[in-house]
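S.K.: The following block contains the structure, expressed as structure tokens.
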Amino acid sequence: TTTDIEEQKTARDFAVSERKKIYSLFMQAPVAMIVTTGADHIVELINSEAQEFFLKTCKEGESIQNSLPKVH
């Protein structure tokens, strides 16, 4: 049997396009912004204003607790 996956491809391409737009807006925001994921609050995104605010101690892929020990 064959399955038409054109709708799935279109939806996936749209989602990727929208994610890129949101990422771009996020990174250009004039305020400090951090996005974390999971119970351990792993930094997924951090813009330049947040990097400056936290003196570049907060890094993508690390938990907030490890990057900023005083936050505990």
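The values are calculated or read from the model by the stated rules, or taken from the named source; none is laboratory data. Keep in mind that what you see is a predicted model, and the values were worked out from it rather than measured. In case anyone asks, the SASA skips ligands and DNA or RNA and just uses the protein heavy atoms, side chains included. Shrake-Rupley method; radii C 1.70, N 1.55, O 1.52, S 1.80 Å.
S.K.: Using Cα pairs under 8 angstrom and six or more residues apart, how large is the relative contact order of the chain, in percent? Walk me through the numbers before you get to the answer.
M.R.: Values: 71 pairs, mean separation 14.7, N = 72.
Relative contact order, the chain: 20 percent.
S.K.: What translational diffusion coefficient, to the nearest whole µm²/s, does the chain have by Stokes-Einstein, given a Kirkwood radius computed over alpha-carbon pairs, a temperature of 25 °C and 0.890 mPa s viscosity?
M.R.: It comes out at roughly 173 µm²/s.
S.K.: Let me ask you something else. Roughly how many percent of the accessible protein surface of the chain is carbon and sulfur, given a 1.4 Å probe and a whole-percent answer?
M.R.: Answer for the chain is 58 percent, counting heavy atoms of protein chains only.
S.K.: How much mean residue ellipticity at 222 nm does the chain get from its helices, if each DSSP H run of length 4 or more adds -39500 (n - 2.57) and you divide by all residues, to the nearest 500 deg cm²/dmol?
M.R.: Numbers: 3 runs with 33 residues, N = 72.
Helix contribution divided over all residues of the chain: -14000 deg cm²/dmol.
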